[in-house]
Every structure is written in structure tokens, then in C-alpha cells.
């Protein structure tokens, strides 16, 4: 049915599967609307049964439009060898990366069974995403500061996958790396800032919500690590309303009345110094829900990459968060697309999917690419990926580690740093797959 729709268009499709002919006079209730919806992938019968026929027709129009706009895999790009050849010959590669490229360092992702959202649920939050909601932050920043230690980037190393991105850059093939990660590890890997778009911001800098003063993000780390709201230390401005200075938002301990005079003087001195500062709430420059993406996201994507990209590689992302996930649809359909992650992406059709630990996959790719692609990194094996690569379905390859190998094991280097990072949790990096949000199919 989908093939017919694409081959003959919407009008002929509806005539064939919905109406008997152009003069069909049946009532809407007599048309097989639900059956056609099911065939187009809208399978929520309990929900659909509650809709009237007019609404069902509107849903059908949306489903037809979505299907016609959906990218189909290229017929001449189907195998692992095709993927390797594309990387070798491409000149302008666009990379879309997610949390899966950092999990081998012990940094948890957000949506897996051991990710940040799951951990926040166990800590008593009914809606974990509220931690990153801009309106909630403005009302009560302590919520973010209480839980943000879970995502505080304590690692300064980068993964083999980061090193792979650097190799693409060194070979003159990197057009743009759109990263959804906020750990800022691309900077440690040496990815050029003019090749990088941090779609969701990062902890690299922080901004006062009262006076706009910007500081290096690391200045907030001590406060974040103990769950204290970080305040701006800039001198108070006469133009500022100091809205962040309300007594309800400041939690400071005062000395008992019977303390000696010196202690009271010290407290008063500290209080006076406090009142002469801005004291606005500091917010890390990460993009919260309800906040616009950086302008460079749209200007670079539409102003440069749409016209120049000749290969898209998505690595370590479940492609669940718009608008970043829409990159795969914004780029022209004839541009080859490769997907690298733990689990398949079921709501998009890639030309080749390479499923497994991202580090294993890129190590294998580099070995196949040969000269100029020597992936030097302390975490990779000396003899290359020694597991099995199995073709499990058309266009899909699975990378299977040897029996007994820990999929989530962090390499035995810089053990002190790894120990410090243990509190961030073990990440299994199992990427959830979700259908797109058209109606009751799911999404975030």
C-alpha cells in the first residue's frame, strides 16, 4: 500500500483504497478509513475508536503527508562495503552525534534503562524532564542544582568515537558536527569550533539570569557538586532590579543571637558584602526545554549544509528530540545516510545501520579505511575489533563482542578519574526506539 502511494500519488491512492471510484457516494462511516490508517502505520485501535469520522479523515491526511515526505533508502547503498566506500570518497560529511558516543567513558545517557531520566525517577521526580525545563528553573533553580550533579562533566578524556570524528576532520572531510551532548568533550578531542554546533549548549560557560554576566562553567562546578544554587559575584548594578535577591530564594545560615561580638561583626560584614553583589542565579549555557536552539543551528544547516553535504552519519543518538532529529529529513533525500548506535532507529529509514558499541564500530571502520585512518586511542584494542560482525537483516549489521566482554566496561586507564566518575552511574547505552509523534505513536 505504501509503495502504491509513492508510485501513484495521493489522489489515486485514495481512489484505490478508500473510494470505489470518483462518484462513490458512501457515507464517511462506511469508508475503510481505519484499515487504511493501520496499513500506513497508525496502529492505536483503542484511541482511534474514540475519534469521529471527520477527525479520522484529518488523521489520514496527516498520515499520507508523512509517508510521502518520509525518506526512502537509496537502492545503490545497501552494504557495509558501500558505507566504507562512502566515507572514503565523501568530501563534506555531516555528523549528528548523541550521548552514545560518550557512554564508554562512564557518562550516562538520558533515555536508556540506566540513563539520567531513569535515575531521576528513582530519586522521586515524577517528571524527570522538569529538571531541564526553563520555566521550572526560573521558579525554583534549586531543583536543577539538586540533581544536576548527575550530569556534571567530570571527565576530560574523550572516547574513540570522538577520535574518529577528529580523524574525519583531519582528513578534510568534516563539514559540520551537530552534537546533542552537553559534556563539551569535543573540545578535548580537538574538534574545531568552526566545525561544531553544540545544539543543546554545554557546561563550558554559564550566564547570570539577572545581569547577563558570563563566566567559565567550571566556576559553578563546586556549587553543583554539593547541590547549592550558584550566584553571580559581579557588583550589583543600579539598573538591575535584583529580582534574584528575594529572601525566599536565598538560603544562608545566620549566627545565633548569643554568639560573641566578633562573630556577629563577621556575619554582618559577610552580609554586607553579599548585598553589594548581583547575586543573580547562574545558569549553565545548556539548552533547556522551552529555550531556543543556538542560531547557528538553523543558519548553518539551511545556509550551508543542505547544499554541500554529501554524506550524513548519525552516531549514538536515538533521534527522539526535535528539532535536531529533523536534520535527517531536512537534508536532501539523495544524500546517503549511515546510522551507528546500539539499537536500530525504527522511525527513520537509513541506507546502512551499524549496530553495536559506537567505539567498536568506528574502530572497525577505520581498519577498513586503511591508510590515513589510524585510530590512535588508549581505549581501543591493539589488533582492532576482534568480535563478530553479522548481517542480521537487509542493510543492518550487528557488532557482537567476544563472549565475556563487558559491553559497558570503561578501559583501565586514569583509574582515579574513572573512580571519581563512578557516581555518574553505569551506562548501558541501550538506545530506545520510538515512532514519530504524529498521533498516539510516541516521542520527546
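The values are calculated or read from the model by the stated rules, or taken from the named source; none is laboratory data. Predicted model, so just to flag it, every value in this text is computed and none were measured. For neighbour counting, all protein chains shown are included, and Cβ atoms are generated from backbone atoms with ideal geometry for every residue, glycine included.
Tabulated results
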quantity: Residues of segment 318-366 classified as more than 20 Å from residue 41 (Cβ to Cβ), in a helix (DSSP H, G or I) and touching a strand residue (DSSP E or B) at 6+ places or on another chain (Cβ under 9 Å), total; calculated: 8
quantity: Condition check for residue 378: in a loop (DSSP other than H, G, I, E, B) and either on the phi > 0 side of the Ramachandran plot or modelled with pLDDT under 85 (or both); calculated: no
quantity: Positions within segment 310-330 being surrounded by fewer than 22 Cβ atoms within 10 Å (Cβ to Cβ) and over 15 Å from the mean Cα position of the chain (by Cα), in sequence order; calculated: 310, 329, 330
quantity: Checklist (1) without any contact (Cβ under 8 Å) to a residue 12 or more places away in the chain; (2) crowded, with 20+ Cβ neighbours inside 10 Å applied to residue 338, failing item; calculated: (1)
quantity: Residues satisfying the stated conditions in segment 381-402, i.e. within 18 Å of residue 313 (Cβ to Cβ) and in a loop (DSSP other than H, G, I, E, B); calculated: 385, 395
quantity: Set 52, 82: member being surrounded by fewer than 16 Cβ atoms within 10 Å (Cβ to Cβ) and either more than 26 Å from residue 4 (Cα to Cα) or modelled with pLDDT under 75 (or both); calculated: 52
quantity: Among the residues listed as 241, 265, the single one being more than 18 Å from residue 142 (Cβ to Cβ), modelled with pLDDT under 60 and within 38 Å of the chain's Cα centre (by Cα); calculated: 241
quantity: Single residue of 255, 283 found to be over 29 Å from residue 398 (Cβ atoms), modelled with pLDDT of 95 or more and not in a helix (DSSP H, G or I); calculated: 283
quantity: Any hit, segment 92-100, residues being more than 16 Å from the chain's Cα centre (by Cα), surrounded by fewer than 21 Cβ atoms within 10 Å (Cβ to Cβ) and at pLDDT 95 or above; calculated: yes
quantity: The listed residue being buried (at least 20 other Cβ atoms within 10 Å of the Cβ), under 17 Å from the mean Cα position of the chain (by Cα), modelled with pLDDT of 95 or more and under 22 Å from residue 293 (Cα atoms), out of 179, 161; calculated: 179
quantity: Qualifying residue in segment 219-235 (condition: at pLDDT below 95, over 20 Å from residue 153 (Cα atoms) and not in a strand (DSSP E or B)); calculated: yes
quantity: Restricting segment 189-200 to residues that are under 13 Å from the mean Cα position of the chain (by Cα) and in a strand (DSSP E or B), the residue that is surrounded by the fewest Cβ atoms within 10 Å (Cβ to Cβ); calculated: 197
quantity: Matching residues in segment 288-298 - criterion: being surrounded by 12 or more Cβ atoms within 10 Å (Cβ to Cβ) and part of a helix (DSSP H, G or I); calculated: 296, 297, 298
